[in-house]
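Notes follow once the structure below has been shown.
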Amino acid sequence: MTTTAVRKDGPAAVTPPPTVGGHARTYLSRVRGGDVGALPAVLGLIVLCTVFAIMRPSSFLSAGNFANLFTQGAAVTLIAMGLVFVLLLGEIDLSAGFASGVCAAVLANVVTVLGYPWWVAVLAAIATGVVIGTTLGMLVAKIGIPSFVVTLAGFLAFQGVVLLLVKEGTNISVRDEVLVAIANRNLAPTVGWALTAVAVVGYAAVQLLRHRTRVARGLITDPIAVVALRIGGLAVILGTAVYVLNLERSRNVLISSLKGVPIVVPVIAVLLVIGTFVLQRTSYGRHIYAVGGNREAARRAGIEVDRIRISVFMICSSMAAIGGIVAASRANSVDPNTGGSNVLLYAVGAAVIGGTSLFGGKGRVLDAVLGGAVVAVIENGMGLMGYSAGVKYVVTGVVLLLAASVDALSRRRAAATGTR
Amino acid sequence: MSATPLLELRGIDKSFGPVQVLRDVALTVHPGEVTALVGDNGAGKSTLVKCISGIHPIDAGEFLFNGEPVHIGSPRDAATLGIEVVYQDLALCDNLDIVQNMFLGREKRSGIVLDEPTMEQLAAETLAGLSIRTVTSLRQHVSSLSGGQRQTVAIAKAVLWNSKLVILDEPTAALGVAQTAQVLELVRRLADNGLAVVLISHNMNDVFAVSDRIAALYLGQMVAQVKTTDITHAQVVELITAGRSGGLGLATDPGSNGDGPQPADSISGGVR
C-alpha cells in the first residue's frame, strides 16, 4: 500500500509502532512537547477531590453531595460548552452570563406571566439566545468591532435587559413541572442504567468501527488494546457514577425516596456528544479550527470566515440560553441576578481550566465539562469546609490564573519544540 | 515544447484606480515546463498572479486555457480550471495536521461526516507520487514541521486537486540551503510529471536551476519571455532592472515611463 510505503520511507525511529507502549510513549512526548490537553484539569480534579475527601470525609464523599455537584455546576458547564466555540476562534464572549439571564427571564415571562406551555417557553428562550448571538456575531464579523468590546457592551446592556424583564427587581417564579424537573428531579435508576448502557455500547461501536475501517484501509491506527482500554475506561467511570447516583440519598426514606441520575446529566451528555461530533467530525467544525488557527489561510481555502465567526457567537448564546433555563429550573425562579455575578467568569474559567486555549485554535467541548467539574468541586468543597464566599472567589481566581498560565506556557513550549 | 500552451495571456491590462499596474501583458505557460516569472518589487508579479488566480478581475485582455478562451472571475473559477496557487506565506493552519491542511475547504465527506480514511489515503498517495519522504506522520500538526516541510505540504496541497497549473510565489524565500534544494527538486518534479509550473522568484540561482523559460516583468510590462538556455544571468538582471538587455526587452524609447533607462543601466552594471 502506498500509505505504509510513505511511512516506511521516513526515519523508522520516529514512526510509532502500533503497540500499547508506543502509544504511551507518543502521548508522553506530546505532553512534554507542550500539548497537555485536559491533563491539568484531570489532575486538578483528582487533587481537589482527594483534599476535600480527607478534610470532610462524611459530607464531601456522600452520594447526596455527589449529585449536588452536577446540579450546582450544570449551568456554568453549559455556558462554558458554548464559550469553547467562541474561544476556538480566539474571540471572547463576556456577555454569555447575562445572555443566559436574559433568556431565563424570557422563559419565566413566557411560562409564568403569559402562561404558555413549557416547550414554548424553552423555544422562546433559545430563540432569544440565537438572536443575541447573531447580533453579537454580526457586530464582530461585519462591522469589525473587537469581540471584547462588543460583548462587554452586551454584558452591561443585558444586565439592564434582565432588570427590565423582571420588572425592576422582583423575581418571577417558575413553577412548571417539566421546567422544575430539569435541575431538581432524577431519572429512575433503571433508566439511568439503560442510558449508561446505550452510551457505552454506542461509544464502543463508533470506536471499533473506526478501528476496523482504518485497519482495512491499511492506515496507521491505535492498537486495539488502547481502543479497548478507552471503552473500558468510559464504562468504569460512567458505571461508578451511575451506581453512586442510584444510591438512596434521602435523609428519611419513609417520607420520600431520593435517588437516580439528575436529569441535567443526560442533558449535558447529549449536548457534549453533539458538540464533539460537530467539532471533530464535520467540515463545519474543521473550519472553526482552521479560522482559529490561521484566519487568512482559511479565507484562501475558500472558507467563509465571516459566516463561521457569526455562527460561533450564535452557538455560544444558544448554549447560554440552555444554561439559563437550567439555572432558572434550579432556582425555581428568575431574579435580576440570574446569570450575573460570577457565572460568566466561572464559565470562562471552566473552559480554560479544561484546556481550551485563549489564543484560539485549540479546545474541545469536553474541556468545558472537565473544567466545569473543577469549578463545581472548588465551590462545593470550600463551601463544605465553611470558607466564606470571599475565599472561594480568591481560590477560583487563582485556579483560573493557574490554568491560563498552563495554557500560555504550553503554547510557548509547543512553539519552541514545534519548529525544530 | 508542445504546440498549444496550457495557459496563454494576451493584452492583460489592470489598474487600481489611477495606477496602471499591468499594461498589455502577454504570457504563455507550457505543460511540463517551469516558467520563471521575474521582476523587481512593484513590477506587477503578484498582481499578475492574482489576476490568473481570479482574485483580481482584469480590465482588458484575454485568457486562453488549452487554446480555449476562458473567463476567470473568482478563485473558484481558477480552481475549476486546475489552477492552484501556493502563496508566499504558505497559508497553512498550524493547529491542523497535514491531512487536514491538504483538504482544508474541500474536505471529503460521506453524508455530513468527514471521511478521514479516504482523505488520509489520498494525501499519502499524493505525497508518495511526489516522492516526498521527509514527513514521518500524516497526522502530525503542521506546527511541528520545518519550513521546508511546510512548503512541501503547501505544494502537495496544490497538486492534490489534479491541478494542471501550479503557481509558486517565492517558495524558497525563507528557506535554508538544503531545504531550498529540496523544494526546487520538488518544483522540477512537478513539471516532469507534466504539470505547468509558474515560479515567482527573486533568486537568480533558483531561476536558472529549475526553469525552462524566463518571463521578465518591468514596471507592469512583459519585456521578455525567453528560454532559460538562451539567456545569461546578467541579461536577466538587466531585464529586471532596466527593462531591456541588448536586443531583448523594451525598445530604446522608454515610452511613457518616468524612470529613464539611464540610472537603471548603472544599477545593472553594479550588479555585475
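Relative contact order for chain B: what is it in percent, counting Cα pairs under 8 Å that are at least 6 residues apart?
Values: 507 pairs, mean separation 64.9, N = 272.
Dividing the mean separation by the residue count of chain B yields 24 percent.
Quick one: Cα centre-to-centre distance for the stretch A:342-420 and the stretch A:47-77, in angstrom?
18 Å
Over the C-alpha atoms of the protein assembly as shown, what are the Rg and the largest Cα-to-Cα span, Dmax, in Å?
Considering the protein assembly as shown through its Cα atoms, Rg and Dmax are 30.6, 108 Å.
When chain A is treated as a GNM, springs tying every alpha-carbon pair under 10 Å, which of A:Thr134, A:Thr240, A:Thr196 comes out with the largest mean-square fluctuation?
Most flexible of the set in this elastic network: A:Thr240.
Let me have the relative contact order for the stretch B:90-162, percent, based on Cα pairs under 8 Å that are six or more residues apart.
47 percent
Can you work out the FRET efficiency for the pair A:Leu208 and A:Glu296, with r the C-beta to C-beta distance and R0 = 41 Å, to the nearest 0.05? Show your work: numbers first, answer last.
Details: r = 40 Å, r/R0 = 0.97.
Between A:Leu208 and A:Glu296 the formula returns 0.55.
Helix A:20-32 against the longest principal axis of chain A: what's the angle in degrees, Cα atoms only, rounded to the nearest 10?
With rounding to tens, the tilt is 70 degrees.
Between helix B:233-242 and chain B, what is the angle of the helix's C-alpha long axis to the longest principal axis, kept within 0 to 90° and rounded to the nearest 10?
70 degrees
Given the protein assembly as shown, what percent of its DSSP beta bridges are antiparallel, to the nearest 5? Could the numbers behind the result be given before it?
Values: 29 of 47 bridges.
That works out to approximately 60 percent antiparallel.
Which one of A:Ala157, A:Ala269, A:Ala24 has the biggest mean-square fluctuation once chain A is modelled by GNM with Cα springs under 10 Å?
A:Ala24
Bin all alpha-carbon pair distances of the stretch B:90-162 at 5 Å intervals from 0 and give each bin's fraction as a whole percent.
With a bin width of 5 Å, the distribution comes to 3, 17, 32, 26, 15, 5, 1, 0.
Once you sort the root eigenvalues of the Cα gyration tensor of the stretch A:214-278 as a ≥ b ≥ c, which label holds: rounded (a/c under 1.5), prolate (a/b larger than b/c) or oblate (the other case)?
Verdict is oblate for the stretch A:214-278.
Counting only other chains, and only Cβ atoms inside 10 Å, what mean value do you get across the residues of B:91-103?
Details: counts 7, 5, 13, 8, 13, 9, 0, 0, 0, 4, 5, 0, 3.
Neighbouring Cβ atoms belonging to other protein chains average 5 per residue here.
What distance in nm separates the two pseudo spin-label positions at A:Ala408 and A:Ala127, each 7 Å out from Cα along the beta-carbon direction?
Rounded to a tenth, the inter-label distance reads 4.4 nm.
Count the lysine pairs in the protein assembly as shown whose Cα atoms lie under 30 Å apart, taking only pairs 8 or more positions apart in sequence or on different chains.
27
Are there any chymotrypsin sites (Phe, Trp or Tyr not before Pro) in the stretch A:190-278 that are in a DSSP loop and have at most 11 other Cβ atoms within 10 Å? List them by number.
Working: sites: A:Trp193, A:Tyr203, A:Tyr243, A:Phe277; in loops: none.
Listed in order of number, the matching sites amount to none.
Estimate the FRET efficiency between B:Arg106 and B:Arg139 by the formula 1/(1 + (r/R0)^6), using the beta-carbon distance for r and 25 Å for R0, to the nearest 0.05. Intermediate results must be reported in sequence, preceding the final value.
Numbers: r = 19 Å, r/R0 = 0.75.
Given R0 = 25 Å and the Cβ-Cβ separation, E is 0.85.
Would you mind calculating the relative contact order of chain A from Cα pairs under 8 angstrom and at least 6 residues apart, reporting the percent as a whole number?
Numbers: 667 pairs, mean separation 145.3, N = 420.
Relative contact order here is 35 percent.
Considering amide H positions built from the backbone, and no H for Pro or chain starts, which residues 5 or more places from B:Leu168, or on another chain, come under 5 Å of its amide H?
Under 5 Å from the amide H of B:Leu168 lie the amide H atoms of B:Val86, B:Val198, B:Leu199, B:Ile200, each far enough along the sequence or on another chain.
In whole angstrom, note down how far apart the Cα centers of the stretch A:102-162 and the stretch A:186-249 are.
The distance from the Cα centre of the stretch A:102-162 to that of the stretch A:186-249 comes to 36 Å.
Report the label-to-label distance for A:Glu304 and A:Ile224 in nanometres (one decimal), using points 7 Å from each Cα along the Cα→Cβ vector.
The answer from the label model is 4.5 nm.
Of B:Gly111, B:Gly44, B:Gly129, which has the largest mean-square fluctuation in a 10 Å C-alpha GNM of chain B?
Taking springs between Cα atoms under 10 Å, the residue moving most is B:Gly111.
Using r as the Cβ-Cβ distance of A:Thr240 and B:His71, and R0 as 51 Å, what FRET efficiency do you calculate, to the nearest 0.05? Please list the in-between numbers first.
Values: r = 65 Å, r/R0 = 1.27.
It comes to 0.20.
Mark the label point 7 Å from the Cα of B:Arg10 along Cα→Cβ and return the residues of the stretch B:41-56 whose backbone N is within less than 17 Å of it.
none
Hey, can you rank A:315-326, B:144-155 by average C-beta count inside 10 Å, highest first? Present the calculation step by step, with values, prior to reporting the outcome.
Working: A:315-326: 30.2, B:144-155: 21.9.
The packing order, highest mean first, is A:315-326, B:144-155.
I need the shape label for the stretch A:306-420. Rule: rounded when a/c is under 1.5, else prolate if a/b > b/c, else oblate, with a, b, c from the alpha carbon gyration tensor.
On the way: a/c = 2.80, a/b = 1.29, b/c = 2.16.
Oblate.
Residue by residue through A:288-298, how many Cβ atoms from other chains fall within 10 Å of the Cβ on average?
Numbers: counts 0, 5, 8, 1, 3, 11, 11, 1, 5, 13, 5.
What the average comes to for A:288-298 is 6.
Here, each number is a calculation from the coordinates, and none is a lab measurement. Nothing here was measured: the structure is a model prediction, and the numbers come from that model. Because the Cβ atoms are built from the backbone with ideal geometry, glycine has one as well, and the counts that use them run over all protein chains shown.
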